[in-house]
1. Okay, helix-only estimate at 222 nm for the chain: each DSSP H run of n ≥ 4 adds -39500 (n - 2.57), divide by all residues, round to 500 deg cm²/dmol; what do you get?
2. Multiply the residue separation of GLU5 and GLU77 by 0.36 nm, subtract the distance between their alpha-carbon atoms, and state the gained length in nm to one decimal.
3. As a test question: what accessible area, to the nearest 10 Å², does SER62 have when a 1.4 Å probe is rolled over all protein chains in place?
4. Which percent of the accessible area of the chain is formed by carbon and sulfur heavy atoms (probe 1.4 angstrom)?
5. In the full protein assembly as shown, how much of ILE19 is accessible to a 1.4 Å probe, in Å² to the nearest 10?
6. Calculate, in nm to one decimal, what GLN56 and ASP33 gain on full extension: separation in residues at 0.36 nm each, minus their alpha carbon distance.
7. Springs between alpha-carbon atoms under 10 Å, Gaussian network over the chain: tell me which of GLU39, GLU31, GLU70 tops the mean-square fluctuations.
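The values are calculated or read from the model by the stated rules, or taken from the named source; none is laboratory data. Everything quoted here is computed from the prediction, not taken from an experiment. We work out accessible area using only protein heavy atoms, side chains counted, and drop any ligands, DNA or RNA first. Shrake-Rupley method; radii C 1.70, N 1.55, O 1.52, S 1.80 Å.
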Amino acid sequence: MRLSEFADKRIINIFDGDILGIAGDSDLLIEPDSGRILEIIVPAGRGFGGAARRQQLVIPWSAVKKVGSEVIVVELEDAVKYYR
C-alpha cells in the first residue's frame, strides 16, 4: 500500500464507533531496522472555542484490527488511557 492511499483513511474505534482521526493528519512511529509501524500518533483535537487539547492519541499498531479501503479499524476499549 502506498502512503498516499493510507493517508486518506479515517481511523475508527470498533469498540464505540468513534472516528479518532484521519491517517494523513497523524504521524507514524516506525522501527528503523525493519520498517515496521509501531504506533499511529493522532494529533490533538480541538475543543470548545478552538482551544486545542494538549494530549495526542497514541495507538499501538497491535490495536489495528483491519486496514480497509476507506477506514483503519482499531480496537481501544478504553481509549482515554492512550492519550498522552
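1. Working: 1 runs with 5 residues, N = 84.
Only helices count here, giving -1000 deg cm²/dmol.
2. On the way: separation 72, 0.36 × 72 = 25.92 nm, distance 2.68 nm.
Length gained, GLU5 through GLU77: 23.2 nm.
3. Answer for SER62: close to 90 Å² accessible.
4. For the chain, the apolar C and S fraction of the accessible surface comes to 49 percent.
5. Counting only protein heavy atoms, ILE19 exposes about 100 Å² to solvent.
6. Details: separation 23, 0.36 × 23 = 8.28 nm, distance 2.56 nm.
Extending this stretch completely gives an extra 5.7 nm.
7. GLU31
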